[in-house]
Amino acid sequence: MRRIPRGMAVAVGAGLLLAACSSGTTDTTTGGATSPATETATESATPSESATDAAPVRGNEDLVIWTDDTHLAAMQAVADTYAAANGITVGVQAVTDTRAAFITANQAGNGPDVLVGAHDWIGQLVQNGAIDPLQLPADQVAKYSPTAIKAVTYDSQLYGLPYGVESLALFCNKSVVGDTTFATLDDAIAAGQKAVDAGTVESALNLPVGENGDAYHMEPLFTSAGGYLFGKDADGNYNPNDLGLDSPGGLAAAKKIGELGEKGQNVLRTSISSDNNISLFADGKAACMISGPWALNDVRKGLGNDGYTLQPIPGFKGMNPAQPFMGAQAFYVASKGKNKSFAQDFIINGVNNVDAMTTLYEKANLPPAMTAVRDSIQQDNPDFAVIAQAAEKADPMPAIPAMAEVWQPLGVAYADIVAGKDPEQSMKDAATAIRTAIAGS
Amino acid sequence: MSHTTQTHPPARTARPARGGGTTRPLPLLVKVLGLGIVAALAVLVTPPLIAQQRWGFLGVFWGVVALLAAVYATKRAVPAKYLVPGVLFLSLLVVYPILMTFQLSTTNYGDGTRTPKEVTISRIIASAAFQGDNARRFTLEVGTTGTVDTGPYTFFLVDQASGDAYAGTEDGLEPLPTDATVTDGRVTDVPGYTMLTKQQINRLSQSGGPLAGFTVPTGESSVITAQGFQAVELTSPLVYDQATDSFTDTRTGDVYTPQRVGDRSYFTDANGARLSSQSWGESIGLDNYKRIFTDATISKNFLGIFAWTVLFAVASVGLSFLLGLVLAVTLNDARMRGQKLYRSILLLPYAIPGFISLMVWSSFYNTDFGLFNELLGTHVNWLGSTALARIAVILTNLWMGFPYMFLVCTGALQAVPSELKEAASIDGASGFTQFRKVTFPLVLVAVAPLLVASFAFNFNNFNAIQLLTEGGPFSASDPTAGGTDILISFTYRLAFGTSAQQIGFASAISVILFILTGVLAAIQFRGTRVLEDVN
């Protein structure tokens, strides 16, 4: 016990290192594990587990669908209907970190037949050869919101069938700023600022920034003030070589954001992040907030069903309309799925109809992408109608792989600008970093 | 009772004579069961491994079984009986992952390079096929004149627009035999053919099945292919030429050849436009290691982050040990009242799950709504500047770590014999001298290996960084490395962060990290040997 042989000491040290390593890579920020198919993509750091072992285990049914746990019930409902109609068995699995898990599992031949997920995954999925194009006749494509179809179209090919859309919108607290529809964002900020000056609330307009920035939530302000992320080619596909951050419009927008920041009007602050954005508003501490349909439950709980107003985000006075990112949730055919025929048939026939889309809308709690369903809910769910309307006007979030290089640097630039650093320089720095990253990949 | 006492003595005397072999029933049973289970496991995994043609794994599995049998079923190799389990687990949990990580670090594996080149080429062709302006869509039934599983197969198609019906084979499209029955726009019966069910079509279309890739040519570059239980006419604009390794787009005449960018190649035309964002996996030797040491931004970041990682680990261990020791010494004094109560309270941080307290602490540092600024009446952006964020991280990690140190120091203190202290005080040593010369060295002997372990843990304390600051603050000009990034969080972002995954490259960093920590641990264990000589 006195002396540990040196060789063994090194081995013990290495063991400890490894234990520390593995705990580091598996416990990711999400923390919660909801299904047996969870500790997935992050583990692919250790190659022994990258392929067959760590990937979630695919079920043995005739049709296997992977989704995340928030959409599980909706998928189960439409899948059961399809299974009964075709006399097959179907398994719906909720997989956390669905996209990364899917890419790994599909590659290893253990993936599902159908994947359900956000449209901005498409770029990475196609880059990894993980999904097949979907061949749908034009008259059926026409039944969906054109923006949603634009979202699931990549390299001029349709890759997914959209069922839900989401977009940011402007929430305001009725008891603070009244039951008003604001024509410009400046009006909303002015009304909120009045309440801040009077001491009724702490924030005029909540918009998550945080220390590391949030390029998703800043997009409506950036576009309204004249900026754009990626230009488009003649076919409407995003062009990764046309980055608009440091274009004259982009720099002007950066300046405008700086004016709203901590050294200016102090409307935008790094102390408001995605952690407290919704809770501050729901607690009545903010006059207005920019957020999406996912905030509705908390807002209703906090302010009451009639305590808030919801409208598409208006633009700045005398500037462009605000264009938040539009997101679509869609079905995809896995490229290495075992039961491709059923997968394709499930998407083309099983969910591509009003009944299934209505079920999905009801259970997934998402504004629908099919126009007929959207029109039918106008009366009983005005909030969703507003979000769907906002999504229609919005621009799909770019799905190109280059977009992955944008989030972090642009977010950091926004955080710096909001904190009071030189807007033009921050924006130029971010643009340089993003261009370098895109060129190197 | 008397019966057992009679049988035992002979059994005991017999044991040494047989050289340690076991004849008692229970150990024998355990041994047989244990080896049986191992053998059964190996038998269990054999068919799937053969099916997947993983001969290496199969060999290793049976090798281990043979080894275990040789060691435990015989009376030879007594030292091996003790060493084999440890060595096996060491190989499985340490050596094998590191070897695999190293192997991965010599490839460009990551986003866009997951597939081999042939697969990438076929994916590019498949993704480019499109429905032309007059593309026809058909209902699809499949029939065969032979058996269901072997074919030959015929697609029976009814045009959904015109209602024209066809029979399609791999030779092309022909009119439907006149004696066939068409009901509701579907071919339901053709004399001489067995019609396949949906389940059969699905099964035969699986990868490697006879219907996978079955197409009916209708023109020079157009085919009819199945989409679920329908069929659609697709035009493929791309032609791949193996000899020149190039794609030609028949619509525009553009030629795409592989062009290298960084660690991978893309099919690119003369103007630099890429045909697809899909590249393919390749072995790239030690390029990833070269990149660590030559790429200016990375090597600059690597050194800075390494220095901060060491500082972070040393500060975390040192401060929490210091605080834990002071508290332990204070509470170890017999004159102290309510020792147990204080000890329980001090252990509370240890009882709360780490990631919860980290998230809570993260909110404490908020500029406008955080606890610190509210208590202190200040308006400091704690996580906004590198220096403050580092202090915040170390402070939080101190809070997370001191209960453990308090616990082990308390234990070590109580093991110090009181006679030693008495002897010291008789010799005239003051309280502090007693502690410095007698108690502390003895405590250190017991605690030093734990300090080394704690250092190794904090060196890779991913959670503390990721949950508090996510590595931030970042600067817009260098968004890959944040102010509080330690090596493991930096690596994590490179491999799995928001931008494209570079798993091969991250593996190279992991290997370097492994070597670094191993060397540091070895040096530290050397240091602790000096301490042990004190005793």
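The values are calculated or read from the model by the stated rules, or taken from the named source; none is laboratory data. These numbers come from a predicted model, not from an experiment. Every residue, glycine as well, gets a Cβ built from its backbone with ideal geometry; the counts of neighbours run over all protein chains shown. Note: accessible area is taken over every heavy atom of the protein model, side chains too, but ligands, DNA and RNA are not part of it. Shrake-Rupley method; radii C 1.70, N 1.55, O 1.52, S 1.80 Å.
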Problem - Ordering of A:111-120, B:467-476, B:392-401, B:341-350 by burial proxy (mean other Cβ atoms within 10 Å per residue, highest first) - result: A:111-120, B:467-476, B:392-401, B:341-350
Problem - Overall dimensions of region B:410-535 by Cα: Rg and Dmax, Å - result: 21.7, 69
Completion exercise
In vacuo Debye sum over C-alpha of the protein assembly as shown, base-10 log of normalised intensity I(q)/I(0) at q = 0.10 Å⁻¹, listed in q order, is -1.30
Fill in the blank from the handout: With +1 at each Lys and Arg Cβ and -1 at each Asp and Glu Cβ, the charge dipole magnitude of the protein assembly as shown around its Cα centre, to the nearest 20 debye, comes out at 5380
Practice task
In whole Hz, with x marking every Gly and Pro, tabulate ³J(HN,Hα) for region A:336-349 from phi via Karplus 6.51 cos²θ - 1.76 cosθ + 1.60, θ = phi - 60°.
Solution key: 10, x, 6, 10, 5, 4, 5, 4, 5, 5, 4, 6, 6, 10
Fill in the blank from the handout: Cα extents of chain B along the principal axes, largest first, in whole Å, come to 117, 83, 45
Handout entry: For B:L275, residues with placed amide H under 5 Å, excluding near neighbours
Key = B:F267, B:T268, B:D269
Exercise for the section: Ignoring everything but the protein chains, give the 1.4 Å probe accessible area of B:V408 in square angstrom, nearest 10. Expected result: 30
Handout entry: Computed [θ] at 222 nm, deg cm²/dmol, chain A (DSSP H ≥ 4; -39,500 (n - 2.57); rounded to nearest 500)
Key = -12000 deg cm²/dmol
Fill in the blank from the handout: The set of residues whose placed amide H lies less than 5 Å from the amide H of A:D395, leaving out same-chain residues fewer than 5 positions away, is A:M326
Fill in the blank from the handout: With x for Gly and Pro, the residue-by-residue ³J(HN,Hα) of region A:114-127, computed from phi through the Karplus equation 6.51 cos²θ - 1.76 cosθ + 1.60 at θ = phi - 60° and given in whole Hz, is 10, 10, 10, x, 6, 5, 6, 6, 3, x, 5, 5, 5, 4
Handout entry: Folded to 0 to 90 degrees: helix B:503-534 orientation relative to chain B principal axis, Cα
Key = 10
Practice task
State, as an integer percentage, the relative contact order of chain B based on alpha-carbon contacts under 8 Å between residues 6 or more apart.
Solution key: 14
Practice task
State to the nearest 20 debye the size of the charge dipole of region A:130-249 about its Cα centre, where the only charges are +1 on K and R beta carbons and -1 on D and E beta carbons.
Solution key: 340
Practice task
For A:G213, list long-range residues whose amide hydrogen, built 1.01 Å from N in the peptide plane, is under 5 Å from its own amide hydrogen.
Solution key: A:A415
Fill in the blank from the handout: With every protein chain kept in place and a 1.4 Å probe, the protein assembly as shown has an accessible area per residue in Å² of 44
Problem - Separation in nanometres of the label points that stand 7 Å from Cα toward Cβ, at B:Q206 and B:L450 - result: 5.5
Practice task
Calculate for chain B the 222 nm mean residue ellipticity that helices alone would give, adding -39,500 (n - 2.57) per DSSP H run of length 4 or more and normalising by residue count, nearest 500 deg cm²/dmol.
Solution key: -17500 deg cm²/dmol
Handout entry: Simple Cβ-charge dipole of chain B, Lys/Arg +1 and Asp/Glu -1, about Cα centre, in debye nearest 20
Key = 3700
Practice task
Note down the relative contact order for chain A as a percent, whole number, built from C-alpha pairs under 8 angstrom at least six residues apart.
Solution key: 23
Completion exercise
From the Cα centre of region B:121-167 to that of region A:168-233, the distance in Å is 53
Completion exercise
To the nearest 10 degrees, the tilt of helix B:78-90 (Cα long axis) against the first principal axis of the alpha carbons of chain B is 60
Problem - List of region B:358-387 residues, accessible area with partners at least 50 Å² below that of the chain alone (1.4 Å probe) - result: B:F369
Problem - Listed residues B:E220, A:E262, B:E141, B:E174 arranged by accessible area, highest first, probe 1.4 Å - result: B:E220, B:E174, A:E262, B:E141
Practice task
Provide the per-residue ³J(HN,Hα) series for region B:348-359, in order, calculated from phi with Karplus coefficients 6.51, -1.76, 1.60 and θ = phi - 60°, each as a whole number of Hz, with x at glycine and proline positions.
Solution key: 3, x, 6, 7, 7, x, x, 6, 5, 5, 5, 5
Exercise for the section: Can you spot the aspartates and glutamates whose alpha carbon is less than 19 Å from B:K437's alpha carbon? Ignore those fewer than 8 places along the same chain. Expected result: B:D333, B:E419, B:E422, B:D427, B:E532, B:D533
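Under the definition of partner shielding as Cβ atoms of other protein chains within 10 Å of a residue Cβ, what is the mean value for peptide B:92-105?
That works out to 4 on average.
What is chain A by shape, rounded, prolate or oblate, if you read a ≥ b ≥ c off the alpha carbon gyration tensor as root eigenvalues and call it rounded for a/c under 1.5, prolate for a/b larger than b/c, and oblate otherwise?
Oblate, because a/c is 1.5 or more while a/b does not exceed b/c.
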